[in-house]
Every structure is written in structure tokens, then in C-alpha cells.
Amino acid sequence: MPVKKYLLKCLHRLQKGPGYTYKELLVWYCNNTNTHGPKRIICEGPKKKAMWFLLTLLFACLVCWQWGVFIQTYLSWEVSVSLSMGFKTMDFPAVTVCNSSPFQYSKVKHLLKDLDELMEAVLDKILAPESSHSNTTDTLNLTIWNHTPLVLIDEGSPDHPVVLNLFGDSQNGSNPAPGSTCNAQRCKVAMRLCSANGTVCTFRNFTSATQAVTEWYILQATNIFSQVLPRDLVGMGYAPDRIILACLFGTEPCSHRNFTPIFYPDYGNCYVFNWGMTEKALPSANPGTEFGLKLILDIGQEDYVPFLASTAGARLMLHEQRTFPFIREEGIYAMAGTETSIGVLVDKLQRKGEPYSPCTMNGSDVAIQNLYSRFNTTYSIQACLHSCFQDHMIRNCSCGHYLYPLPAGEKYCNSRDFPDWGLLLPKSTDECGPERDLPQCVQGVLQDWILHVLSQERDQSSNITLSRKGVVKLNIYFQEFNYRTIEESPANNIVWLLSNLGGQFGFWMGGSVLCLIEFGEIIIDFIWITIIKLVASCRGLRRRRPQAPYTGPPPTVAELVEAHTNFGFQPDTTSCGPHAEVYPDQQTLPIPGTPPPNYDSLRLQPLDTMESDSEVEAI
């Protein structure tokens, strides 16, 4: 009901027109506003009016400029970083240990037999090309080699490079001269990747022959292991009781049963201590080596895969509970035959989320599906990058990479089922590199552990009775219980913005928030007057353009009167005047809205007759 009354009032105002003009409104505002300057414009003489008008306009422009600067600074979402120190009893970090060799060679030898023979022949061909004989390939299984071979590119002539197959002739039709060899200065080793039909090929170059051979072997081994069932791969790795010889946390003994096993394709079976998945995280009583974790590992170096593991030792990583260990990117090596002590310092880094940074709270707002969520771990940028790479692999190759988790219903890439996957692998790497997907894959807001690892290797293995080549001793402990908190906070909050806006407005024009409300009120009044004037002008235009009621010349008054009193009257259409026009037969004369006057009542009568008539009527 109140809305209806308000609408009726607005309609009446629109019909009535504005109650005052623009000039009257401005004079009223200047007389009643609390802002300095406008009142002097209408109260002073002509010269002072001009001076005060220019000063008010200048200071108003200065206020608007300062406001723009402060608003732009606020919308830049800058942060300030504060550093604080704390002291408390902390939970011991999760520790993940792996062997450098993912599998025991005695259990995978039958899978790698042909590949190892090819590898030995390739090394002989590269290192000693003069002593190699043509009949060395007779006993080799070249099925793997023919699909993805290593080639020598002779760049002696830069305009016409010659591509030489290690076990065959040149690939561009120009055979090398007999007895000619390729040395390291003139030739480089590359990997040739071709499609299934061989129509599309590309060459992957490397900086050295060692890197080329290693990458080629890893690619072929990945192709082989991707066709093996996951449970069989776990059985080919190192068992927990085989790798963990002794364990001591503080003064309490522990064993391999206190470790959670996970399978990491790069390093095989890995074991996580104090992961916090099924049990509460273990606290550390005091800093120092006596209250940390002590491990003795047997890496079994004698059973390493020869060409797959280039370093003998253990790969370990310290991380927060309930986070997935990305050991390849963030882990460190502990060399075999040494004792490695790791002192831990804790930094707690807390970032601001949107809009101050692209950081995410828990990864739910990231457009990429997290393939590591099945491990029930928290979000991390490495999980996002790996998931992104796997997504592009499936999109480009219709299969997933062996090193990363698979979505439901997908298969791992291998040369038997997906012959083109090696050719499309560099494309997926380029599409999902860290520099390209960082806008999608962002850091988490809270990182409780930034572990500054201070490692010191000390050769104190003289008391070890086992083979020194296969034993690693680890000491992991808190160096001190002091921890640093690095926290981001908004550099410019809303209170800072309002204070600066009000300060500038009050300094230059002596105004306040109420002055802004007054100014807003006059703006609304200006808009309302403009609307009323526009409605009134539209109505005036409509009235000035009436529709003509006749298609021909309008009838005379006598014709209208006769047509009103005599319904059978027809107008004279045979007029011979110069302006005579013919009416259409179908046109009917309009009936006037008011009947014509009775002209008989206008006859002149004597005054006495009129008075007598009035007296008779009175009687």
C-alpha cells in the first residue's frame, strides 16, 4: 500500500511538472551546504564570486585526484610481511624414505633383458665406433630400437646435416663414406620420435651423449613397466623389512611396521614415518639428536638396476603430515656408506588468499582435477602440476603417463597400444610447464613446514658389520624448538582507505560524510527534475501533432449544424468554387461533441416583455 501511494505521488509530480528550476536548486544547495566555498560563490561580489568559484573548482579537482590515487593503491591489494618468533612443542615431521633404485634387478631382469642388451650395444657403438662390428645386431631384438632409435646428427655441413642411425645407414639417403666415424665435436646424439606410420618424425636433442642414452633408457623402461600390473610392480621393489634394518624415535624403538608404504614410480616402494593418516602425529619432546629419528637402511646396492639408477643411496624427504611426498622434486639424497644428520628448522608461512594473491585455500577453486586426492592428502602445487600434465597427456595421447596417477577408466601409455605417445610427449610437457600453468596451479595459503635442511655427512661407519656399500645411517631431529612465523597481512585495509579519503576531503574543502550525502541529494534532485522535464516535453510534442480527422477539406460550421439537426442532409459536393473538392462517398461527417447553440434564443425582445416573463415564472 505505501508503494502504491508513492507511485501515485510520482505520477502526480510528473503530470504537474518540476516545482523548481536548476538555478533555484543550486542556490539552495550553496546556501545550506556545510562545505566551504560554495556559500561564498553566491554571497560575494562579481570579482570574489569568480575567485571563489575557481578556488572551489581547483580544490575539488585536487580532492578527486587524491581520491583516485588512494583508491588505486587500495585496489592493488598489496600486502605487508611480518616476522615473529615462537617457542612450543612441535609435532615431528613426516619422513619419507625410498631407495634410489625403484626395483630389484633380480626380479625385473626378465623384463629388461632385451633392453639391457640394446643398451650395451649402443654404448659400444658410441664410445668405440671403430671396434664395433656389423654383426653385433644379429643377436639383438630390434623391435624396441626400430620404434624409437638413437641417431647421430653429423653437422659438419650446417646446411645439409646427415642423420646416421647407430645400427644402419643414413636416414636422408646420403651414405657416409666407408671408414668415416662421427666424433663428439662434429656429431651429436639425438632421439628420433616418429608416428605409427612413420610419416611424421621429430628429433629430440640433448646436451651430451650421456644424457641422451640415459633418457632413452628411461623412456624404454617406462614403456615396459607401464604394461605391468601395479601389484606386480610393488612385489618387484624393496620390501620394508628388507630396507629398514633399525629404527629408534627418541628413546622408543620402532620398526618397519611404523611406516606407511606407498608406491612411487620413480623410486618404487617408499615408506612414510609419522604420516598422520591413521594415527595422531608424534610430538618431539626436545631438540637434539637424542630426541629425533634414527634410521639404518640397507639399500641393497648389489641388486640395483644397472642403467636405471645412477646414484647409490637413499632418497628422503621431510614434509608435513597428510601431504603427499613428491620425492623427485623436493627430496634429498643420503649417500651409501655414510651417516647423514639432518637438523630441522621450522618456518610457518601464511599467505593471504584472494584478492591479495592467486593462492588457494584448499584447492577446491582450482580448475584442474587433483589426481592425488585419492591418497586423502592436502592440496599442493606439485599435485596440481602433475595432474595438469596427466590431463594434457590423456587429451593429446588418449593415455596417461606411467609416473603419475591415472583417472578412472584410463590406461597408461605404451608403444604396443599407443604407438604415437612418445611423439606427443613433448607437446604435453610444453602445454603444462610450470611457467604456463601457474595461473591455474597456485600455492596453498598455509604452509606449515618449510624445512631448512642442514645436512652434514660424517663417515662413522667403521662399526657397521654389514657391507659399507649398502648401508645408510640417518639422524633426523629438531635443531631447536624456536620457530618463525612469516605472515602476510593487508597493507591497505578499508579503514586506511576511508581515513585517507576523509582526511583529503576535510583538508581541501572542510567537508565530511554529511556533505557527501548533501551532494548526493542534489544530484538525485537534478536527475528527478530532468526526468520531469523530459516527460513534459514528450507530452507537449504529442499534443502539437494531432491527427487530422478528415481526409479532405474540413466541413463548414453551417454544414455541421445542418448535419446535426437533419440526419438526411448531404453536403453539396458540386461546388464550382476554385477551392471546391469532392468528398469521398464512404466518408461520413463526424457528429460534434457539443450540440450547436439554439439561435432562436438570441432574438432581441423588449425589456418589459422579458421582465413580465420572469415574473410569471416566479409566480
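The values are calculated or read from the model by the stated rules, or taken from the named source; none is laboratory data. Because the structure is a prediction, the values reported are computed rather than measured. Cβ coordinates were reconstructed from backbone atoms using ideal geometry, including for glycine residues, and neighbour counts include every protein chain displayed. Surface accessibility is based on the protein's heavy atoms, side chains included, excluding ligands, DNA and RNA. Shrake-Rupley method; radii C 1.70, N 1.55, O 1.52, S 1.80 Å.
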Notebook entry, point to check: For the range 288-303, which residues satisfy the criterion of being part of a strand (DSSP E or B), open to solvent by 50 Å² or more (accessible area, probe 1.4 Å) and of a type in the set (D, E, K, R)?
Noted result: K294
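May I ask you to verify whether A285 is within 18 Å of Y483 (Cβ to Cβ) and either aliphatic (A, V, I, L, M) or outside any loop (DSSP other than H, G, I, E, B) (or both)? First the steps, then the outcome.
Values: within 18 Å of Y483 (Cβ to Cβ): yes; either aliphatic (A, V, I, L, M) or outside any loop (DSSP other than H, G, I, E, B) (or both): yes.
Yes.
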Margin query: Which of the numbered conditions does G292 fail, given that it passes all the others? Conditions: (1) more than 25 Å from M90 (Cβ to Cβ); (2) over 33 Å from the mean Cα position of the chain (by Cα).
Written below: (1)
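When the residues of the range 195-210 are filtered to those that are among the β-branched types (V, I, T) and either touching a Gly at 6+ places or on another chain (Cβ under 7 Å) or touching a residue at least 12 places away in the same chain (Cβ under 8 Å) (or both), which remaining residue is nearest to A309 (Cα to Cα)?
First pass over the range 195-210, keeping only residues among the β-branched types (V, I, T): 199-200, 202, 207, 210.
From what is left, the residues that are either touching a Gly at 6+ places or on another chain (Cβ under 7 Å) or touching a residue at least 12 places away in the same chain (Cβ under 8 Å) (or both) are 200, 202.
Details: V200: 32, T202: 28 Å.
Among them, the one singled out is T202.
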Check: Which residues, taken from the range 407-424, are open to solvent by 40 Å² or more (accessible area, probe 1.4 Å) and not small (G, A, S)?
Finding: E410, K411, Y412, R416, D417, F418, P419, D420, L424
Checklist line | Residues of the range 347-360 satisfying the condition of being more than 15 Å from the chain's Cα centre (by Cα) and open to solvent by less than 20 Å² (accessible area, probe 1.4 Å) | finding: D347
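In the list L83, L118, which residue meets the criterion of being open to solvent by less than 50 Å² (accessible area, probe 1.4 Å), of a type in the set (A, V, I, L, M, F, W, C) and either modelled with pLDDT under 95 or under 33 Å from the mean Cα position of the chain (by Cα) (or both)?
Working: L83 fails: open to solvent by less than 50 Å² (accessible area, probe 1.4 Å).
Just one listed residue meets the conditions, L118.
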Next item on the list: Please enumerate the residues belonging to the range 361-377 that are touching a residue at least 40 places away in the same chain (Cβ under 8 Å), out of contact with any Gly (no Cβ under 7 Å at 6 or more places or on another chain) and open to solvent by 70 Å² or more (accessible area, probe 1.4 Å).
Entry: N362, A367, N376
Notebook entry, point to check: So which of A246, A281 is under 17 Å from M317 (Cα atoms) and out of contact with any Ser or Thr (no Cβ under 7 Å at 6 or more places or on another chain)?
Noted result: A281
Notebook entry, point to check: Restricting the search to the range 209-232, which residues are open to solvent by 50 Å² or more (accessible area, probe 1.4 Å) and either of a type in the set (V, I, T) or more than 36 Å from the chain's Cα centre (by Cα) (or both)?
Noted result: T210, T214, I218, R231, D232
Margin query: Residue under question is F324, and the condition is that it be of a type in the set (F, W, Y) and part of a loop (DSSP other than H, G, I, E, B); does it hold?
Written below: yes
Next item on the list: Provide a single number: the residues in the range 481-527 that are among the β-branched types (V, I, T), over 37 Å from the mean Cα position of the chain (by Cα) and either closer than 17 Å to K39 by Cα or open to solvent by 80 Å² or more (accessible area, probe 1.4 Å) (or both).
Entry: 5
Checklist line | Within the range 304-334, considering residues that are over 38 Å from the mean Cα position of the chain (by Cα) and modelled with pLDDT of 90 or more, the one most open to solvent (accessible area, probe 1.4 Å) | finding: Y304
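Suppose the filter is free of Cβ contacts under 8 Å to residues at least 24 places away in the same chain and either under 30 Å from I244 (Cα atoms) or open to solvent by 60 Å² or more (accessible area, probe 1.4 Å) (or both); does Q104 pass it?
no
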Margin query: Out of everything in the range 190-221 that is touching a Pro at 6+ places or on another chain (Cβ under 8 Å) and hydroxyl-bearing (S, T, Y), what residue ends up being nearest to H401 (Cα to Cα)?
Written below: S195
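Counting only residues that are at pLDDT below 50, give me the helices (runs of 4 or more DSSP H) lying completely in the range 368-469 with at least 1 of them.
Of the helices (runs of 4 or more DSSP H) lying wholly inside the range 368-469, those with at least 1 residues that are at pLDDT below 50 span 434-437.
Looking only at the range 348-356, decide whether some residue is of a type in the set (D, E) and part of a helix (DSSP H, G or I). Give the steps one after another, and end with the answer.
Taking the range 348-356 first, the residues of a type in the set (D, E) are 354.
Imposing the further condition that a residue be part of a helix (DSSP H, G or I) reduces the set to none.
No, every residue in the range 348-356 fails to be of a type in the set (D, E) and part of a helix (DSSP H, G or I).
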